[in-house]
Amino acid sequence: MRIALDAHGGDFGLKPNLEGALLAAKKLPHEVILVGRDPEIREELRRLGAEDHERISIVHAPQLIDMASEPVEECRSKPDSTLMVGAGLVHDGKADAFISAGNSGAIMVASMLKLKRIPGVIRPAIAAPLPTYKGTTLLLDAGANMDCKPWHLAQFAVMGAIYMRAIFRIENPSVGLLSIGEEETKGDSLIQETLPLIKTMGLNFHGPVEGRDIPEGLTDVVVADGFTGNVALKLYEGAGKVIFKMLKDQIQRKFTYKIGAMLMRKIFLDMKKKMTVDEYGGAALLGVNGVVLVCHGRVTANTIFHSVRICGELAEAGLVAQIKKQMEQVKDRISAARNEEAAASSAEGAA
């Protein structure tokens, strides 16, 4: 597989991206295409002693997207940016997937401009894998769509289930709808309107789940609008870091605690590895007509390595083809829901 990587994406520039690419090229059976400023990339590769690696190539992209600027304007005005060129490689069949730790909004825009949406998909969603007590839960949307309709959430559920089958080999993933209670009578109008629709999608639908159910791993997939999902994701990440800090502070209080910690060192290391988002790579942008992974800005070499691994697995599993097939199967139910809401709105306006 050929995986294109935005060499300049993230808060720390070239170094972690290139180190991760070299690690992936060494340990995985994939070619990594570095997209960015050719002279700068070659200089960094020389510094790393790997300027002539046989499975590393470079595609020159002189422009960089400004993190603080408006994504649509940036992407349209910078056709030679790393994001537009990287997504273009997938569109042209020169790469099987694209990874970036850049501006997530701009990655979304570039992917939409170059790859378009999968037929039938109304809005793509960011799908973030989270470590849980039982294993891994996929949370989507994790920030791409702030305002959603019931059919958006229903499609997110379908795509999330396909992802869990492709990556985690779960034959019949369970799906939950994030709400403020387990009872179907609770939740706002979006939840109330989504529940009956999502039940028609042919999924292993558990029903409403609460935020506390996510760390427990109650369901394999949790669906939410992008605003709620992003808040849940950031809270999840922050809580994990604070717990480890609190534990470390307590261990430092007494010498006997330190001795106990030394005896439990392997357990702590295993827990830290399980809770580290680096191990899960990036978050897939589901619904665009190609494999795209969005990485956190504080990207590390390990994040890039696992992102390349996941991209290879998604491409090999035919993720896009699977979503296309499933969207075709549920399109009539989605259309009926949209038409019903449009008719209700028209009747309300006429009244």
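Restricting attention to the range 221-232, and to residues there that are within 14 Å of residue 138 (Cα to Cα) and aliphatic (A, V, I, L, M), which single residue is surrounded by the fewest Cβ atoms within 10 Å (Cβ to Cβ)? Filtering the range 221-232 for residues that are within 14 Å of residue 138 (Cα to Cα) and aliphatic (A, V, I, L, M), the one surrounded by the fewest Cβ atoms within 10 Å (Cβ to Cβ) comes out as 232.
Results for (1) in contact (Cβ under 8 Å) with a residue 40 or more places away in the chain; (2) part of a helix (DSSP H, G or I), shown as yes or no for each residue.
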{"site": "258", "(1), (2)": "no, yes"}
{"site": "270", "(1), (2)": "no, yes"}
{"site": "292", "(1), (2)": "yes, no"}
{"site": "304", "(1), (2)": "yes, yes"}
{"site": "322", "(1), (2)": "yes, yes"}
{"site": "333", "(1), (2)": "yes, yes"}
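The helices (runs of 4 or more DSSP H) found wholly in the range 1-81 and carrying at least 2 residues that are within 22 Å of the chain's Cα centre (by Cα) and within 19 Å of residue 98 (Cβ to Cβ) occupy 14-27, 71-77. Looking for whichever is under 18 Å from residue 141 (Cβ atoms) and either over 26 Å from the mean Cα position of the chain (by Cα) or loosely packed, with under 15 Cβ neighbours inside 10 Å (or both) here; the options are 235, 190, 195. Which one fits? Answer to the selection: 235. Scanning the range 152-179 for residues that are part of a helix (DSSP H, G or I) and charged (D, E, K, R) returns a single hit, 165. Restricting 69, 81 to those that are among the small types (Gly, Ala, Ser) and under 25 Å from residue 1 (Cβ atoms) reduces the list to 81.
Looking across the range 26-42, the residues that are surrounded by 13 or more Cβ atoms within 10 Å (Cβ to Cβ), more than 12 Å from residue 86 (Cα to Cα) and out of contact with any Gly (no Cβ under 8 Å at 6 or more places or on another chain) come down to 31, 37, 38, 40, 41, 42.
Of all the numbered requirements in (1) at pLDDT 95 or above; (2) farther than 20 Å from residue 38 by Cα; (3) in contact with a helix residue (DSSP H, G or I) (Cβ under 8 Å, 6 or more places away or on another chain); (4) of a type outside the set (Asp, Glu), residue 86 misses one, and that requirement is (2).
With respect to the stated conditions, residue 162 is crowded, with 18+ Cβ neighbours inside 10 Å and touching a residue at least 60 places away in the same chain (Cβ under 8 Å).
The values are calculated or read from the model by the stated rules, or taken from the named source; none is laboratory data. None of the values given here were measured: they were computed from a predicted structure. Glycine gets a Cβ as well: all are built from the backbone with ideal geometry, and neighbour counts include every protein chain shown.
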